[in-house]
């Protein structure tokens, strides 16, 4: 039987995705009928499916509209895809795409930036909720916080298997291919974050929580603070292309801003009466 391969050549990978290491652990996975697909895209696809299922189950439990929750899921998927791709094109590899603009559409060759997708999707979600559910704005943020956290963990596992987003050279016992396994660092930190926000979510608003956390949106704001902190830590060990050096990488500066935003929203937002 003919072997079907959906793969990325070394030349294409080096041109479009400057953050790929020389030795990915598991670049491709063989499925049924001889179908071979990139591990990264398989893991991301499964992550999307699992995230949708979790959102579908969580919405009614939190007394929120399942329809709006699924609309938001679609908005996040599309905006994240476009934003992460555009950030890569205009920030990481502009000269390459300026010479061949049509290659912007060759997304299967790789080339996505996490924070680009996060920024685009956050803006799109905020606009949608402003018009569709302004009274439950932050409740929907809380709905998605653990889902996004788990999606990030699974996404970093895809990076680890594909060999992208790698760390600096080191000789530590846990080094992978002689480098800091920054993807695993991010996964471990985010797993701790996920456990913490799930515990916070199960703690009633009216009791046990610290006063500053007795508000809608608290779960989400705690998540973005800790998530950005984990990203800031990981950035210190990264060795792939990090953009202009302004004392810290661009991603590090974004992380600092997100941490400040999360802290500000926790401290400044008035606590609703009766909570």
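The values are calculated or read from the model by the stated rules, or taken from the named source; none is laboratory data. Everything quoted here is computed from the prediction, not taken from an experiment. Cβ: placed from backbone, ideal geometry, glycine included. Neighbour counts: every protein chain shown.
Might you check whether a residue that is buried (at least 17 other Cβ atoms within 10 Å of the Cβ), under 20 Å from residue 110 (Cβ atoms), in contact with a strand residue (DSSP E or B) (Cβ under 6 Å, 6 or more places away or on another chain) and touching a residue at least 60 places away in the same chain (Cβ under 8 Å) occurs anywhere in the range 244-254?
no
Being out of contact with any helix residue (DSSP H, G or I) (no Cβ under 7 Å at 6 or more places or on another chain), surrounded by 15 or more Cβ atoms within 10 Å (Cβ to Cβ) and modelled with pLDDT of 90 or more, is that true of even one residue in the range 119-132? Reasoning before the result, please.
In the first step, residues of the range 119-132 are kept if they are out of contact with any helix residue (DSSP H, G or I) (no Cβ under 7 Å at 6 or more places or on another chain); the result is 122-123, 126-127, 130-131.
Add one more test, that the residue is surrounded by 15 or more Cβ atoms within 10 Å (Cβ to Cβ), and what stays is 122.
Then drop every residue that is not modelled with pLDDT of 90 or more, which leaves 122.
Yes - at least one qualifying residue is present in the range 119-132.
Can you give me the number of residues within the range 24-61 that are in a loop (DSSP other than H, G, I, E, B) and either out of contact with any strand residue (DSSP E or B) (no Cβ under 9 Å at 6 or more places or on another chain) or modelled with pLDDT of 95 or more (or both)?
The total comes to 1.
Go through the range 87-100 residue by residue and tally those that are in contact (Cβ under 8 Å) with a residue 24 or more places away in the chain, more than 15 Å from the chain's Cα centre (by Cα) and under 18 Å from residue 165 (Cα atoms).
Counting residues in the range 87-100 that are in contact (Cβ under 8 Å) with a residue 24 or more places away in the chain, more than 15 Å from the chain's Cα centre (by Cα) and under 18 Å from residue 165 (Cα atoms) gives 3.
Yes or no, residue by residue, for (1) modelled with pLDDT of 90 or more; (2) assigned to a helix (DSSP H, G or I); (3) surrounded by fewer than 13 Cβ atoms within 10 Å (Cβ to Cβ):
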position: 63; (1), (2), (3): yes, no, yes
position: 83; (1), (2), (3): yes, yes, no
position: 103; (1), (2), (3): no, yes, no
position: 108; (1), (2), (3): no, yes, no
position: 116; (1), (2), (3): no, yes, no
